[in-house]
1. Go through the range 251-260 residue by residue and turn each phi into a ³J(HN,Hα) via Karplus (6.51, -1.76, 1.60, θ = phi - 60°); whole Hz please, and just put x for glycine and proline.
2. With all pairs of different alpha carbon atoms counted, what Kirkwood hydrodynamic radius in Å does the range 340-428 show?
3. Say R0 is 22 Å: what FRET efficiency, to the nearest 0.05, do N59 and F24 get from their beta-carbon distance?
4. Within 10 Å, count the other beta carbons around each residue, average over each peptide in 87-98, 222-233, and list them highest first.
5. What does the highest-first list of 53-64, 196-207 look like by mean Cβ count within 10 Å?
6. For the range 5-250, what size does the Cα cloud have along each of its three principal axes, sorted from largest down, in whole Å?
7. Please list, in order along the range 183-193, the HN-Hα scalar couplings obtained from phi with the Karplus expression 6.51 cos²θ - 1.76 cosθ + 1.60 (θ = phi - 60°), rounded to whole Hz, x for Gly and Pro.
8. Per DSSP H run of at least 4 residues, take -39500 (n - 2.57); add these up for the chain, divide by its residues and hand me the 222 nm value, nearest 500 deg cm²/dmol.
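Bear in mind that the values in this text are calculations on the coordinates, not laboratory data. Remember, it's a predicted structure, so these values are computed and weren't measured experimentally. With ideal geometry, Cβ positions are generated from the backbone for all residues, glycine too; neighbour counts draw on all protein chains shown.
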Amino acid sequence: STWSSAEVRSTFLDYFCQKQDHLFVPSSSVIPKKGEGTYFTNAGMNQFKPIFLGSVDKNNPMASYRRVANSQKCVRVGGKHNDLEDVGKDLTHHTFFEMLGSWSFGDYFKKEACRMALELLTKEYKLSLDRLYITYFAGCESAGLLPDNETREIWLELGVPESRVLPFGMKDNFWDMGDTGPCGPCTEIHLSHRGNSDCSHLVNADSPEVVEIWNLVFMQYNRDISQKLLPLPSQHVDTGMGLERIVGVLQNTMSNYDTDLFMPLFNEIHKNSKYGPYRGRMGKADKNNTDKAYRIIADHIRMATVCIADGLLPDKSKLGHKLRSIIYRCIEQSFILKMDKKRLSSLVDPVSDILGDAYPEIPENESKIKQVLESCENGFWKRWGESQFSFRKFLRDRDSNKEFQVHEFLPLLDGAYGRKISIDMLESVARTFNVPLDSDQLHDLLAKRNAEVQPSPVPQSSNTISAALLQSLLSQNVPETEDVYKYSYTSKD
Ligand code: ATP
Ligand code: MG
Ligand code: MG
Ligand code: MG
């Protein structure tokens, strides 16, 4: 018998809230409030940042938090933890995922935290100890940080064999939410899919056979702008386990996608597609990248749904732009599956069914979410063809041996090659031509230019294609979705 994702989530919360005296605090929005960070909420600890920093007002209910648990909606697009490029290529990284979290704010520390995590995994989820690998902080001389041998000893005392307790450096075992802010050494639990044979060499090696599931951070420092580590007023525990990953483990699959969190969504995508159903292939075996497209669409639609439910709109703001760009990526992938146009909103129903009980704001906002997706899709189709055309013209005009520089793209935004193109559309078109474009850099450049008092010079390139020429070129050259698919996606992995 396997676990449903709902049972996995509730077992975690019941364990901490009913058996270990933690208080349930609902997930915060994926759109951070002031002081919670500048990109999307990327971990469960974001909403508790003021507690770590010791800056909570006495009258704030947070001031009384000692032991807390929840499942937090997280998005890792942009900022320090940005997993966008991995999504679809592997089976364990999503743009949106749920983090099952537990905290001790100045209450228990390392020993209790490790004991609880091990008990939940082996006694409640009934995973065999033989499948677990533990990592702990190896120290870092240049940062003046000692190895966390205390944690190593704790795991040994808890019965984990020495050969499965492994030291790693800053990159894997020192956690921070961003370039500044609360941080500290961590200890992590990884799970092997290879039974009890020795897999220690596969830990933190991007292997699908050993997956990182749970991170236990011991918050002890605040990193300031000069990168100095200042001790926090007290010591805290901050843990986070990826729901999709532990569900995969408990549903006996190496893939987060072959679970009840994604399968119903694949079925709905399939209904709108001219391709066969999802088959879980990866890399070269996934010849036309159709399974990857399934994964990306399913992933991105979850992200978009959750963001819109939390009040974000696809607009020019920093996060609104990210949202629109995710929706556009989703549409691009729908070419690969030859999906019916303008049907993304039909995918909201399964997302809402899957996540609605845990996050009621999704079903509550269902019709709004669909409307926003529809209008975004309409906007895409309205401009897609002519933007492709303009981009070709831009490519033709430039020296193809030169590397692309961000400033080169400005005339496209200004309308030097036809109608003005929005950044999101430009990104999308550049992707289909496999042209590298760093949208964050372009954003910054544009912001800088807009801040300048001087009006920008009229772009040099010719702005005047006759309507007739445009028409003729459009009819000959603008790739229909089929062609777009052919020339833009075949060469890539
Ligand atoms: P990885 O090394 O796999 O990228 P991480 O070390 O960046 O993960 P943490 O910041 O430690 O992840 O987050 C805690 C937990 O959240 C991870 O152990 C994992 O289970 C889960 N997690 C992190 N990133 C993702 C993601 N993009 N999609 C799904 N789950 C994730
Ligand atoms: Mg990561
Ligand atoms: Mg990691
Ligand atoms: Mg980690």
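1. 9, 6, 9, 7, 10, 4, 7, 7, 9, 5
2. About 15.5 Å for the range 340-428.
3. 0.55
4. Going from most to least packed, we get 87-98, 222-233.
5. Peptide ranking by packing, descending: 196-207, 53-64.
6. Taking max minus min along each principal axis of the Cα atoms, the range 5-250 gives 51, 43, 37 Å.
7. Each residue of the range 183-193 in turn: 7, x, x, 9, 10, 10, 10, 10, 10, 8, 8 Hz.
8. That calculation yields -11500 deg cm²/dmol at 222 nm.
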